[in-house]
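Structure record follows, encoded as structure tokens.
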């Protein structure tokens, strides 16, 4: 009797083990297929970069303005004209709104406008894979352009690490908000109408906060302001301390807020409506 129970128990354990192995295999296969599709979509985005003139122009605007501001506003020295850190912050704000926010919105809206989104969906691409491809190209381009701006303005290389570390959380937030705008927009033209009021707040509030107490209070809500404050502090050679924990927490909180807004809008509207 004991031998039978032992044999039965071993059989059940063996069956469970085989089931777990098969489950792991299929989950791994599904993940691999998903990554392959995302990689294919990412490569497609790279090939299509120059085809959309509206998006291409936006890619170059922050770089062009960083050159103009550096020459005209006297960024050759931190003691002349407007300091390098302030010019960097102005150009960075432009990059975060025009490239990170508007470009992903326009890329999503373009697919809907040309009906290529529906074609992708019919070919087996999921909404998550489609959005991941758009988010990856936006993240990559934003990081590259932000680094180009950094060197054009003439910031010392030793600050590059902290610069990337502080800007990346805000990039994630702007990608999420840009994706929401893209979902809500039926075509590329409407991204400006829907997105401008939202992204204009993120661009202008930190600038106006320097001149008005009310704007300063309002600017304290958004992550860009805290990114700018910590950037200025770091570029002066000051270390970030315990007083900056609240600023970092607000930046992280906005990533969560952006994700929740995106999930809510996506559930309400879907991707191709």
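The values are calculated or read from the model by the stated rules, or taken from the named source; none is laboratory data. Quantities reported herein were computed from a predicted structural model and do not represent experimental measurements. For neighbour counting, all protein chains shown are included, and Cβ atoms are generated from backbone atoms with ideal geometry for every residue, glycine included.
Of the residues screened, residue 37 is not one that is modelled with pLDDT under 85, under 22 Å from residue 168 (Cβ atoms) and in contact with a helix residue (DSSP H, G or I) (Cβ under 9 Å, 6 or more places away or on another chain). Consider residue 263 carefully, then state whether it is at negative phi and touching a helix residue (DSSP H, G or I) at 6+ places or on another chain (Cβ under 7 Å). So residue 263 does not fit the description; no.
Scanning segment 31-62 for residues that are more than 23 Å from residue 91 (Cα to Cα) and not in a helix (DSSP H, G or I), we see that the one that is nearest to the chain's Cα centre (by Cα) is 48. Considering segment 129-160, the residues that are more than 27 Å from residue 196 (Cβ to Cβ) and touching a residue at least 24 places away in the same chain (Cβ under 8 Å) include one that is surrounded by the fewest Cβ atoms within 10 Å (Cβ to Cβ), namely 154.
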